[in-house]
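> One structure is given below, represented as structure tokens, and several questions about it will come after.
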Amino acid sequence: MTKISAIASIKPNQSVFVLTDKWKNKPEFSINSAENDYLTSYFKDGDKKQIVFNSLGRIICVQLIDLKKDLHKLLEDCRKQGATMADSVNSLKASEFTIANATNKIDLSYAVAEGAALANYQFIRHKPSAQKQANTLKNIYLAGKNIKAPALNNVNIVTEATCKARDLVNEPVNHLNAQGLADAFKLMGKAAGFKVEVLNKAKISQLKMGGLLAVNAGSVDEPTFSIMEYKPKNAKNKKPYVLVGKGIVFDTGGLSLKPTPNSMDAMKCDMAGAAAVGATIYAIAKAKLNLHVIALVPATDNRPGFNAFAPGDIITMMDGSTVEMLNSDAEGRMVLADALHYAKKFNPELTIDVATLTGAAMAAIGQNAIVSMGNAPEKHTNKLKASGYKVHERLAEMPFWDDYNDMLKSDIADQKNLGGPYAGSITAGKFLEKYTNYPYYHLDIAGPAFIPAKDGYRIKGGTGVGVRLLFDFFNSK
Ligand code: BES
Ligand code: MN
Ligand code: ZN
């Protein structure tokens, strides 16, 4: 893990990231006269905004920012520049750098550090030969007076939690099945101080979680249902916030098999919602936020073996209603439905589910944002959308009109699990809404959960999307 801490003064010869609006307003840091002359002429004509260079073995990065820009844009610029800095420091095989910020916006320093820490993430545990290429960056220092210890602590917590979520997503199914995912949550609960109860197949059967059992029918591995709870003594909320994460540890599509190579290959990421909610409650517990939060994860792989559920099957769900299963690749909504029904017993203030639910979400808005929808009141959703901009995990809200329910009507069951050819992410959301009786909001992260190539501080593979969003949302409660 990359550690971010405050430092009283910048060591000479240490790599440095300089943030200022104009070069002439540069912060205090050690620089020799040759470097100073060079930078003064470099920035003289005013059209250059950034430089990163190796000066006799240390990286100097200077970033001029336009303070008139929206804060959320500045924050994202800073994260990206932090990523560039981390990459440069690593290419030098150095272990630390310091951020010197001459502006009065201290949040920008945190953002640089956050971007650098996230860019520093690697998933190389299965490649011993890659240890030689392991990143050398270990410590990021923030210089200056305005740094607040709690805020800094939260940056450390949320970057660590995001990397935990990435680890879970990047771990393939032969190393992380439903039981493995539940075990990982148990370890996280021990480390951060929240309760984790894991229901096994016998218990899941006893509770008649028909959706989860149907998806699991084609698998040799048993399903799990994890219940995580963080309940501080003086929680501000009387009714808990409930998070629900889709935990399909691998999605073959089942008998409605996905075609490889282009659609099944990355399906180890189909538990990214589960990873996000587990890592969020981990961060909330570590930061000791004064909120009662519960996270639920129904988990299984979706395979075509054994008695795999067949297109046309009619499944009785935990709530007693029936579903005509027309496509075994629409499995996420089957397991989430039971979890959303289970959530009713907590009488939630708000339930948010996070799921790599539909290709339609990715088709609609690509890999840069989250498709969202729901019936929760604006006091919650406006805050969530604001957090989306702040952490750059933005929500693109879809309509959630009841008209879409028509596309889910079945002649022989209460609902079918397949909508029409259009509005696939919305019909999936409306399907899920049927299992709720509380304020509900749905996040479809199919697009941003897993990316094919590095994009700044988002490394190739699992991105950990949702963790920074939800942590910021709860932290501003
Ligand atoms: N896990 C997939 C959705 C997905 C697609 C996630 C791409 C990440 C990237 C989900 O289970 C699925 O297969 N959905 C189907 C639903 C359809 C059969 C109604 C889809 O989107 O095609
Ligand atoms: Mn599927
Ligand atoms: Zn799926």
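> May I ask you to verify whether T358 is polar (S, T, N, Q) and within 16 Å of ligand 1 (Cβ to nearest atom)?
So T358 fits the description; yes.
> Look at I106 and say whether it is open to solvent by 10 Å² or more (accessible area, probe 1.4 Å) and over 29 Å from G388 (Cβ atoms).
In short, no.
> State whether the residues of the stretch 290-302 include one that is open to solvent by 20 Å² or more (accessible area, probe 1.4 Å), more than 12 Å from ligand 2 (Cβ to nearest atom) and over 16 Å from the mean Cα position of the chain (by Cα).
Yes.
> Right, here's the next one. Take the stretch 35-58 and flag every residue that is open to solvent by less than 30 Å² (accessible area, probe 1.4 Å) and not in a strand (DSSP E or B).
Scanning the stretch 35-58 gives E35, L39, F43.
> Go through the stretch 21-34 and report how many residues are in a helix (DSSP H, G or I) and more than 25 Å from N104 (Cβ to Cβ).
Selection size over the stretch 21-34: 2.
> Here's another thing I want to ask about it. Among the residues of the stretch 59-71, are any under 28 Å from the mean Cα position of the chain (by Cα), open to solvent by less than 40 Å² (accessible area, probe 1.4 Å) and without any contact (Cβ under 8 Å) to a residue 40 or more places away in the chain?
Within the stretch 59-71 (the criterion being under 28 Å from the mean Cα position of the chain (by Cα), open to solvent by less than 40 Å² (accessible area, probe 1.4 Å) and without any contact (Cβ under 8 Å) to a residue 40 or more places away in the chain), the answer is no, since none of the residues qualifies.
> For L336, all conditions in the list (1) away from ligand 1 (no atom under 11 Å from the Cβ); (2) buried (at least 24 other Cβ atoms within 10 Å of the Cβ) hold save one; what is the number of the exception?
(1)
> Here's something else I'd like to know. Restricting to the stretch 144-153, name every residue that is part of a helix (DSSP H, G or I) and open to solvent by 30 Å² or more (accessible area, probe 1.4 Å).
A149, P150, A151, N153
The values are calculated or read from the model by the stated rules, or taken from the named source; none is laboratory data. Please read all numbers here as calculations on a predicted model, not as lab measurements. Counting neighbours? That spans all protein chains shown, and the Cβs are built from the backbone with ideal geometry, glycine included. SASA here: full protein model, heavy atoms, side chains in, ligands and nucleic acids out. Shrake-Rupley method; radii C 1.70, N 1.55, O 1.52, S 1.80 Å.
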